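First the structure, in the form of structure tokens, and then the observations on it.
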Amino acid sequence: MFICAHANLIELEAAIAELEPLAHVTDVRPPQFGLVMVRGRVGAVGNAFNVGEALVTRASVQLQNGVVGHSYLLGRARKKARLAAIIDAVSQSPDTMIMVQKSLIDPVRERLAREKTNQAAETASTKVDFFTLVRGED
């Protein structure tokens, strides 16, 4: 689901198009969005407190064979949440999981690694080395 959350809509659509045709997908819970409370702790210790609310989109689908898939994504993305739920349902079969691995997981993981490398290179190019001159008494 990490990959589905970080995949863009085009990548999810392409992955589903590569899978064998999905004859019948039923919306158990159509895509809908709402707010969830985000909780935090100071320094990851101590009592939890409410940080604020985050908008999430959730969806649940059922395939023709009875397998149910779910998705929860940050933000307002109904179509992406439904596609992620379909990927979740299809991924539960070992046979189709291999196809999902090749068509979605591997390419998205590679793209995320490239983006992380590019971001690190951009950040490194702006690095400034500060040094202190020590004034001594002669």
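Just one of the listed residues (SER71, SER93, SER125) is at pLDDT below 90 and either in contact with a helix residue (DSSP H, G or I) (Cβ under 9 Å, 6 or more places away or on another chain) or surrounded by 12 or more Cβ atoms within 10 Å (Cβ to Cβ) (or both), namely SER93. Cβ separations smaller than 9 Å between residues 6+ apart or across chains give no pair from the range 111-126 residues that are farther than 23 Å from LEU12 by Cα to residues that are part of a helix (DSSP H, G or I) and β-branched (Val, Ile, Thr). Taken over the range 79-134, the residue count meeting the criterion of being more than 25 Å from GLN62 (Cβ to Cβ) and either outside any loop (DSSP other than H, G, I, E, B) or of a type in the set (Asp, Glu) (or both) is 20. Whether a residue is in contact with a Phe, Trp or Tyr (Cβ under 6 Å, 6 or more places away or on another chain), on the phi < 0 side of the Ramachandran plot and either of a type in the set (Lys, Arg) or part of a helix (DSSP H, G or I) (or both) was assessed, and ARG76 passes this test. There is no residue in the range 33-43 that is surrounded by 15 or more Cβ atoms within 10 Å (Cβ to Cβ), closer than 16 Å to ILE87 by Cβ and modelled with pLDDT under 95. All conditions but one from (1) acidic (Asp, Glu); (2) under 21 Å from the mean Cα position of the chain (by Cα); (3) within 17 Å of ILE87 (Cβ to Cβ); (4) surrounded by fewer than 14 Cβ atoms within 10 Å (Cβ to Cβ) apply to GLU11; the one that does not is (4). Of all the listed residues (LEU55, LEU112), the sole one being modelled with pLDDT of 95 or more, under 14 Å from the mean Cα position of the chain (by Cα) and exposed (fewer than 15 other Cβ atoms within 10 Å of the Cβ) is LEU112. Close contacts from the range 20-47, counting a first residue that is among the aliphatic types (A, V, I, L, M) and a second that is exposed (fewer than 10 other Cβ atoms within 10 Å of the Cβ), with Cβ to Cβ under 9 Å and a gap of 6+ residues or different chains, come to MET37/ASN50; MET37/GLY52; VAL38/ASN50; VAL38/GLY52; VAL42/PHE49.
The values are calculated or read from the model by the stated rules, or taken from the named source; none is laboratory data. Worth saying up front: this structure is predicted, and the values here are computed from it rather than measured. Virtual Cβ from ideal backbone geometry, glycine too; neighbours counted across all protein chains shown.
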